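Enquirer: The structure that follows is given in the form of structure tokens.
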Amino acid sequence: MRYCRSMNADAHTPPPGFDGSLVAEALEAALSIAKRTPVFGIAGLQGSGKSTLAGQVAALAKSRGLNTAVVSLDDFYLGQQQRQQLARRVHPLLATRGPPGTHDLHLALDTMARL
């Protein structure tokens, strides 16, 4: 199993997260295709470990002397007031975080360009 979750954390149980070989593979994959600055996207279902894997890959990259930044799509949600306005104008589901249209795409694109 390449993903380990610990139900009870003790000295004999590996910490929660992905196996080190998978983390190293992910970092090597990102570095091997990069011409300049690698951007590595991780997609998956809610709770599948995207943030965990991203954090582990970033930590490994840092340990190798590389600069890293971890961003999440969650970092780019529109504010609650903006989502409420969209919900009134377009569809009630837009009041919640998650549906397409609830992200600040300009901020996301600008952030990626600056990184």
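Enquirer: Cβ-Cβ distance below 6 Å, separation of 6 or more or different chains: which pairs start in the range 34-59 with a residue that is within 14 Å of V70 (Cα to Cα) and modelled with pLDDT of 85 or more and end on one that is β-branched (V, I, T) and in a loop (DSSP other than H, G, I, E, B)?
Expert: Listed by first residue and then by second, the contacts come to K50/I42; L53/I42; A54/I42; A54/V70; A58/T68; A58/V70.
Enquirer: For the range 61-85, name all the residues that are modelled with pLDDT of 95 or more and aliphatic (A, V, I, L, M).
Expert: Scanning the range 61-85 gives a single hit, L78.
Enquirer: T96 fails exactly one of the following numbered conditions: (1) under 15 Å from the mean Cα position of the chain (by Cα); (2) over 18 Å from L115 (Cβ atoms). What is the number of that condition?
Expert: Just one mismatch for T96, condition (1).
Enquirer: From the list V39, V70, which residue is of a type in the set (V, I, T) and under 16 Å from L107 (Cα atoms)?
Expert: Being of a type in the set (V, I, T) and under 16 Å from L107 (Cα atoms) holds for just one of V39, V70, which is V70.
Enquirer: Restricting to the range 7-24, and then to whatever is over 17 Å from the mean Cα position of the chain (by Cα), within 18 Å of A59 (Cβ to Cβ) and at pLDDT below 85, can you tell me which residue is most open to solvent (accessible area, probe 1.4 Å)?
Expert: Filtering first and then ranking leaves P15.
The values are calculated or read from the model by the stated rules, or taken from the named source; none is laboratory data. Since this is a predicted model, take the numbers as computed values, not measurements. For neighbour counting, all protein chains shown are included, and Cβ atoms are generated from backbone atoms with ideal geometry for every residue, glycine included. Ligands, DNA and RNA are excluded from the accessible area calculation, which covers all protein heavy atoms including side chains. Shrake-Rupley method; radii C 1.70, N 1.55, O 1.52, S 1.80 Å.
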